[in-house]
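Let me begin by presenting the structure, written as structure tokens, before commenting on it.
Throughout, read-outs are computed from the coordinates displayed, never taken from laboratory work. Only a predicted model underlies this, so the values are computations on that prediction, with no experimental measurement involved. Cβ coordinates were reconstructed from backbone atoms using ideal geometry, including for glycine residues, and neighbour counts include every protein chain displayed.
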Amino acid sequence: MSDAIVIGAGPNGLVAANVLADAGWQVDVLEGQAEPGGAVRSDRGVHPGYVHDVFSSFYPLAMASPAIGGLDLEKHGLRWSHAPTVLAHPLPDGRCATLHRGAAATCAGLESTFGGADAGAWQRLSQLWDELDPHLLRTLFTPFPPVKAGAATAARIRAAGGLRALRFLTLPVRRLAQEEFTQPGAGLLLAGCALHADMLPEGVGSAAFGWLMAMLGQQVGWPVPVGGASALTGALVRRLESLGGRVHCGAPVVEVIVRGGRALGVRTVDGRAYRAHRAVLADVPAPALYGSLVGWEHLPPRTAEDLRRFQWDFSTLKVDWALDGAIPWAAPAAADAGTVHLGADLDELSDYALQLTTGRLPRRPFALLGQMTTADPARSPAGTESAWAYTHVPQKIKDDLGPDAITGRWDTREAHAMAERVEDQVERFAPGFKDRIVARRILTPPILQSLNPSLVGGAINGGTTALHQQLVFRPVPGTGRPETPVTGLYLASSSAHPGGGVHGACGANAARAALRSHRLLAGRILSPGLAATQRLLSGPREKHI
Ligand SMILES: Cc1cc2nc3c(=O)[nH]c(=O)nc-3n(C[C@H](O)[C@H](O)[C@H](O)COP(=O)(O)OP(=O)(O)OC[C@H]3O[C@@H](n4cnc5c(N)ncnc54)[C@H](O)[C@@H]3O)c2cc1C
């Protein structure tokens, strides 16, 4: 008999389950797929000698997040590995901007390639991070209102320049680059990082997002789990099981059972009902919860109206390669980087992002490329490379700006045509790359969704990162908290604040909200006696559950 049911064994679901289990709750996690992990999984599906992360790969947010850091996953077998260089952005002229662990190393690289003025500007941006750290991250990772962390951040912002520091946090990354840098390298590092989310270089706050990812890279690196992404999931599952929690795979939930405005449990696709005595936590996208797992009849009309305005983030197409040698970069500095961003200049990045926004499939896709053996030698035999690249594509394609008339059907022809476009982009910066391909796998948006139903249409962040769907607007205008209109039901996925990425904060926040609510309830009813307490905590009983 469970105190809590968690729907979905993604990183947020597993973190939530661990936090509840730490508090002594009996937790059952129901996962629809055959294995746990959500978008944190690896396999040998491309080539038996190569490990590939099927979805996500680099985990600076996990490293920095108290929600995952506090779980001591290293005690459950997790080991991290780093590439020599965090990130590289090669330019067509052979120069290369690089990001390193430690501001001094990044500044040294910028100075030798792009000059002292840009290195000085980068140093100032790094200093601002030092002044706001760790309060800014704490503010982001806690639910709204982030009272303590928010007050500390506000004080630090005041000390760091007040309105000027605040203005920096609102800047589009293009504007920041114009104001701070004389050469293209440093601005490209930040703009490429902003494009990890669906943020145009002209978007409000894109500078801050890019800066945050870059500064995390300097502070904690962009680490990968030794052996593959599944090692992170494995550690989360082992920790949970050591506390008595259970993960049931192949158990898609089709309904949250609601009676009298309260979540009592869930029903899986085979008709089986699972009772949750205290809470149900949903690690599923908001549109999959509201109006789907929970019928509209249990929700206020406003939720349906708000959900109508919910915006997905860009779709995604990923290509995995087994390579028989290192990628032959024209810019040698790219060879040591775990992540390489591929886009010639800021205008190309802006064109790409605007094309995605307007439903036109880019001819030259900006690509994020992972050199996984460079980051973790355990991924493939020495001298080879396990690599991948993904690019975003529009959720709905109105027009193809390339020669292939891709419509978004994503059949074999369209998948191959788009994969070749990605490979052409790599080849542009690494002539001879295609000759190194031994095997490849193309993950189109429908394939991604078939492997994880939360990646709706290939969206990777549980909804747009744009400001109008962040903070108190995430996933819909409200409190920015994990509570839902149904008592005892909590939104624990990346659709909740603070959004996408493997940091576990959405799950941890939902678990803490459930614990808090249970404590409040228990506090209110302790005096009438234990029997009454137990009756209330158990909620109304249903025979069929
Ligand atoms: C290609 C790709 C690359 C990425 N790269 C990175 C990266 O390098 N670093 C990073 O930090 N982030 C990255 N991300 C984003 C990150 O992986 C996600 O933000 C994160 O996994 C979200 O975690 P989650 O637990 O909310 O959801 P998910 O990881 O999507 O997990 C949700 C789980 O719920 C299950 N589920 C859904 N519906 C049901 C149901 N009805 N019943 C039962 N189970 C259900 C799903 O099967 C899935 O296992 C990437 C994502 C993708 C797709």
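So the values come out like this:
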| item | result |
| --- | --- |
| Nearest 10 degrees, 0 to 90: helix 11-22 Cα axis against the chain principal axis | 40 |
| Furthest towards positive pole of dipole, 269, 257, 319, structure part region 212-326, Cβ charges | 257 |
| Backbone HN-Hα couplings from phi across region 122-131 [Karplus 6.51/-1.76/1.60, Hz, Gly and Pro as x] | 5, 4, 5, 5, 5, 5, 4, 4, 4, 6 |
| Length added when fully stretched, residue 158-residue 269, from 0.36 nm per residue minus Cα-Cα | 34.6 nm |
| Estimated distance in nm for a label pair at residue 439 and residue 516, the labels positioned 7 Å out from Cα along Cα-to-Cβ | 4.8 |
| Separation between Cα centres of region 214-235 and region 242-271, rounded to whole Å | 30 |
| Rounded to 5, the percent of DSSP beta bridges in the chain classed as antiparallel | 65 |
| Placed amide H near residue 2: partners under 5 Å, 5+ positions off or other chain | 275, 277 |
| Most to least packed among 34-43, 112-121, 438-447, 363-372 [average Cβ atoms within 10 Å] | 363-372, 34-43, 438-447, 112-121 |
| FRET efficiency, residue 413 to residue 354 (Cβ-Cβ, R0 30 Å, nearest 0.05) | 0.70 |
| Loop-resident sites, region 276-314, for trypsin sites (Lys or Arg not before Pro), counting at most 16 other Cβ within 10 Å (DSSP) | 308, 309 |
| Residue-wise HN-Hα coupling along region 323-338, computed from phi with Karplus coefficients 6.51, -1.76, 1.60 (Hz; x: Gly, Pro) | 10, 8, x, 5, 5, x, 5, 5, 9, x, 5, 6, 5, 8, 8, x |
| Distance between modelled label sites at residue 93 and residue 311, nm, 7 Å Cα→Cβ extension | 3.5 |
| Reachable lysines from residue 318, criterion Cα separation under 25 angstrom, eight or more residues apart if same chain | 396, 398, 434 |
| Taking region 1-85 and dividing mean pair separation by its residue count, relative contact order in percent (alpha carbons under 8 Å, at least six apart) | 22 |
| Cα-based radius of gyration of the chain once divided by 2.2 N^0.38 Å, which approximates compact folds | 0.96 |
| Helix axis angle, 184-194 relative to the chain longest principal axis, alpha carbon, degrees | 20 |
| Region 409-454, dipole about Cα centre (Lys/Arg Cβ +1, Asp/Glu Cβ -1), debye to the nearest 20 | 80 |
| Cα-Cα pairs of region 235-328 separated by more than 22 Å (percent) | 51 |
| Per-residue HN-Hα couplings for region 455-462 [Karplus 6.51, -1.76, 1.60; θ = phi - 60°; Hz; x = Gly/Pro] | 8, 5, x, x, 5, 10, 10, x |
| Simple spin-label estimate for residue 487 and residue 382 in nanometres, 7 Å along Cα-Cβ | 6.5 |
| Spatial separation of Cα centroids for region 339-353 and region 425-494, in angstrom | 20 |
| Region 48-203: radius of gyration and largest Cα-Cα distance (Dmax), Å | 17.6, 55 |
| Folded to 0 to 90 degrees: helix 206-220 orientation relative to the chain principal axis, Cα | 90 |
